Amino acid sequence: MRLLVTGGAGFIGANFIHYWLKHHSKDEIVNLDKLTYAGNLENLRSVEKHPNYKFMKGDICDGGDVAIAMHGVDIVVHFAAESHVDRSILGPAVFVMSNVVGTQTLLDAAVEIGVKRFHHISTDEVYGTLELGSKDTFNENTCYDPRSPYSASKAASDHLVRAYHVTFGLPITITNCSNNFGPYQFPEKLIPLAITNLLEEEKIPIYGEGNQVRDWLYVEDHCRAIDLVLRKGKVGETYCVGAQHEEMTNVQVAKKIVKLLGKDESSIEHVKDRPGHDVRYAMDSAKIRKELGWKPKYDFDTWLEKTVEWYKKDTLWWKHVKSGEYQEYYKEQYEDR
Ligand code: NAD
Ligand code: DAU
């Protein structure tokens, strides 16, 4: 089997490539990635010489690049996207280009060569926001209500994927997952930002009151969910994936990280809130749990501890990432807050 992984040099894509080569070592993987600020070949250093792994630098919006990458491919696993909500507020255009036009370019090529499966990685954010303190959850039938340029672009890509299934018979599946965390996550996202800031004796910037809730999913649990959907999922179907650990606010997550790193709570700093900040996400993963037997391997605290250990050990990885463009982004995003 030959897989095209798009965005494999990013956080989840790289973890997926490590996972796949470990569990399905006979399969071939082509990784098509533009290497934006978020793409980092360091994430794949240990597999770069693997005989069944090939990297191709290219843009999913470029039909020529996509045609070359898709040659002989059986399965497409589509991660490539602009993924950070705050950056979509600073500059939405690239989100529409990569997330919408890029997805459509891949879909056209997938129809053209007749791939056996096109699997699209999406997000719980397409469903909007839930009331704080309620027991409501998102599921596969929840109406779309995206509220940021990022989630609107992901919603548009989901619609295109389903439309290509209905109109052109493309065999698709979609997973809409909640907030991932784990190794190789770019330190613009809350958990790696908090850990690496503390390791650098900086504070954790918490937007507003910090009472927002996310459904934290460890990246390896997510990769296992994708694996199950690829092998046992039903074509045309969507699967919601969330760990559904005990609900925690952002401040509670920050406090856990502070404790794991032996700091005190004065290292948490409240800053200006994110515009249009979604207050609560919670996924109902009953479908993938019942139909495909998926569940997270460990609880949140265990995975968080492992994640903190990884960033403590792999300091070179994030120190390198935090130099250069990151400094300019950090200044623009946090200076006046
Ligand atoms: P990331 O930002 O870490 O990585 C994205 C990767 O895509 C990078 O390697 C980047 O170079 C590549 N890329 C971007 N634009 C490209 C283009 N035009 N052509 C080729 N490559 C391009 O993202 P991530 O956190 O790993 O997220 C992966 C996918 O999962 C995204 O589709 C995202 O929307 C979705 N998702 C992420 C989360 C999360 O918590 N991180 C949760 C739900 C869904
Ligand atoms: O829910 C899935 C989504 O999770 C994915 O689709 C996105 O790609 C991914 O970026 C993530 O989006 P969030 O906006 O939820 O993640 P982020 O880590 O940016 O923020 C998590 C929460 O922490 C959110 O409520 C905002 C808050 N936050 C974030 C940052 C970066 C802070 O309080 N301070 C910060 O500095």
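Structure data summary
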read-out	value
Along principal axes, Cα extents of the range 200-287, largest first, whole Å	49, 30, 22
Computed [θ] at 222 nm, helices only, for the chain once each DSSP H run of length n ≥ 4 contributes -39500 (n - 2.57)	-12000 deg cm²/dmol
Cleavage-rule hits, GluC sites (Glu not before Pro), the range 86-172, DSSP coil, Cβ neighbours within 10 Å at most 12	Glu131
Hydrodynamic radius of the range 56-116 per Kirkwood, over alpha carbon pairs, in Å	12.2 Å
Per-residue ³J(HN,Hα) for the range 39-55, Karplus 6.51 cos²θ - 1.76 cosθ + 1.60, θ = phi - 60°, Hz, x for Gly and Pro	x, 8, 5, 4, 5, 10, 3, 6, 10, 4, 9, 4, x, 9, 10, 9, 9
Rh by Kirkwood over Cα pairs, then Stokes-Einstein D for the range 216-337 at 0.890 mPa s and 25 °C, µm²/s	141 µm²/s
Other-chain or far-sequence residues with amide H under 5 Å of Met248's (modelled H)	Arg214
Set of aspartates and glutamates with alpha-carbon distance to Lys54 below 17 Å, sequence-local pairs under 8 removed	Asp27, Glu28, Asp33, Glu42, Asp65, Asp74
Estimated distance in nm for a label pair at Lys54 and Lys234, the labels positioned 7 Å out from Cα along Cα-to-Cβ	3.6 nm
Packing-based order for 24-30, 270-276, using average beta carbon neighbours within 10 Å, highest first	24-30, 270-276
Mean projected area in nm² (Cα convex hull; one quarter of hull surface) for the range 1-57	3.3 nm²
Ellipsoid semi-axes in whole angstrom, largest first, where each is sqrt(5λ) of the Cα gyration tensor of the chain	30, 22, 20
Added length on full extension, which subtracts the Cα-Cα distance from 0.36 nm per residue, Leu199 to Cys143	16.1 nm
Long-range HN-HN contacts of Lys295 with modeled amide H, under 5 Å	none
Share of pairwise Cα separations in the range 33-163, more than 23 Å, in percent	40 percent
Convex hull volume per residue in cubic angstrom - Cα atoms of the range 201-249	127 Å³
For Lys232, net neighbour charge (Lys/Arg +1, Asp/Glu -1) across residues whose Cβ lies under 14 Å away	+4
Highest average packing first - 144-155, 313-324, Cβ atoms within 10 Å	144-155, 313-324
Contact order relative to length of the range 3-113, as percent, for alpha carbon pairs under 8 angstrom and 6 or more apart	31 percent
D_trans [Stokes-Einstein, Kirkwood Rh over alpha-carbon pairs] for the range 149-228, 4 °C, 1.567 mPa s, µm² s⁻¹	84 µm²/s
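Taken together, the values in this text are just the output of simple stated rules run on the coordinates, not laboratory data. Computed from a predicted structure; not experimentally measured. Virtual Cβ from ideal backbone geometry, glycine too; neighbours counted across all protein chains shown.
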